[in-house]
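Have a look at the structure below before the remarks.
The values are calculated or read from the model by the stated rules, or taken from the named source; none is laboratory data. On a predicted model such as this, the values are computed, not experimentally measured, just so you know. Methodologically, a virtual Cβ is constructed for each residue, glycine included, from the backbone with ideal geometry; neighbour enumeration extends over all protein chains shown.
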Amino acid sequence: MTSERIYVGSYTSQPGGGDGIAFGPLDAIEPVVTTVDPSFLVRSADGRFLYATNEEEGGQVAAFAIQPDNGLELLNQQPTNGMHPCHLDIDPSGRYLLSANYTSGSIAIHPINDNGALGDATQYLQREGSGPNKERQEGPHAHQIAFDPAGAYVFDIDLGSDTVYSSTLSSDGQLAEVDRLHIHPGAGPRHMVFHPGAGAAYVINELDSTLTVCNYAEGKLQIVQTASTRPADSPGENFPAELLISADGRFLYGSNRGDNTIAVFAIAADGLGVELVQTISSGGDWPRHLAFGANGNTLYAANERSGQIATFTVDDGRLTQEGDPVSWPKPVCILPV
């Protein structure tokens, strides 16, 4: 088993949930701070600070100072002015933290002070719209914040309206819309990644188990392919969640909740085509999050419902499970150090 140290975010309000954020090598992780429903974690580029969503009805984001022993000291929390923030990211300049409120379908932007604490929000942006899935798309549901490789454009992905919004972020922390990509109705776009070298981006869709391949240039996306995240004969319901791309841009990895698998796609040389080349058990039930280890040769799967974290080795793109999964209460985010 890998000796790499990781932070683990968990749901705390669910039955059998954890206490907050944990840290350590996978076979010896221990709680390091108590905080409510830290469902997504990011670390500052200089490694001094960690930020977490508090995915509550009255949503908040929390700032922590990382201690010499990798423990966490709470600096402060700020409201997101929305319900159930489920994702966040730091802009490439390191000046702002952007978060996505899932239930209310809105975006919050908070400045990051020199001491790592969060200032009062510079913008709360409410999205609008709905989709054909009456149970899941009755209104907007923001699910991710992502930046393009150049850091010039920021994207927020809205599952409720089948829309990917492209914007610029001003020096005073305001989003200005540049373009919108409308995914096919009922897709439920959830997360996206960009190709590191080619002009391409990829969106995983939660509600119909598809992957959308896009041409990308200067903040604008154009769909070129739609592929399934599961084999054609797969039975039952399935809800994809996380999406990763290898550092060399040759492979994509998507989690399938329901099938409880990880889908591996080979990417064409120009970035504009994919082929499903492997599906492998996620090592548990309901793989909400995937993360690469620091060297890119390890992949972690956080299986929320079964309370298990599985580890895989990556060899020429393909995955092989490494040992038995490790039990941990309601794991939903893995952040390697």
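Before moving on, here are some points about what is shown:
- Checking region 155-168 against the condition returns a match, with at least one residue being touching a strand residue (DSSP E or B) at 6+ places or on another chain (Cβ under 6 Å) and exposed (fewer than 15 other Cβ atoms within 10 Å of the Cβ).
- Yes/no for residue 15 being modelled with pLDDT of 95 or more and farther than 19 Å from residue 299 by Cβ: no
- Within region 162-190, the set of residues being part of a strand (DSSP E or B) and under 17 Å from residue 151 (Cα atoms) comprises 164, 165, 166, 167, 168, 169, 175, 176, 177, 178, 179.
- Against the test of being free of Cβ contacts under 8 Å to residues at least 40 places away in the same chain and farther than 26 Å from residue 152 by Cβ, the options 287, 231, 240, 235 yield a single qualifying residue, 235.
- Residues in region 279-322 that are under 16 Å from residue 25 (Cα atoms) and modelled with pLDDT under 95: 294, 295.
- Close pairs from region 292-306: first in contact (Cβ under 8 Å) with a residue 60 or more places away in the chain, partner in a loop (DSSP other than H, G, I, E, B), Cβ under 6 Å, at least 6 apart: 293/4; 298/2; 304/286; 304/330
- Residue 209 vs. criteria over 25 Å from residue 122 (Cα atoms), modelled with pLDDT of 95 or more and surrounded by 18 or more Cβ atoms within 10 Å (Cβ to Cβ): yes
- Options 240, 196: the member that is buried (at least 19 other Cβ atoms within 10 Å of the Cβ), within 20 Å of the chain's Cα centre (by Cα), at pLDDT 95 or above and not aromatic (Phe, Trp, Tyr): 240
- Just one residue in the set 254, 296, 323, 271 is surrounded by 21 or more Cβ atoms within 10 Å (Cβ to Cβ), not acidic (Asp, Glu) and not in a strand (DSSP E or B); that residue is 271.
- Residue within region 77-84 that is at positive phi, crowded, with 24+ Cβ neighbours inside 10 Å and in a loop (DSSP other than H, G, I, E, B) present: no
- Among (1) surrounded by fewer than 24 Cβ atoms within 10 Å (Cβ to Cβ); (2) at pLDDT 95 or above; (3) more than 14 Å from residue 223 (Cα to Cα), the one test that residue 144 misses: (1)
- Those residues of region 1-39 which are assigned to a loop (DSSP other than H, G, I, E, B) and under 14 Å from residue 71 (Cα atoms), in sequence order: 29, 35
- Given (1) in contact with a Ser or Thr (Cβ under 8 Å, 6 or more places away or on another chain); (2) within 26 Å of residue 155 (Cβ to Cβ), index of the condition residue 25 fails: (2)
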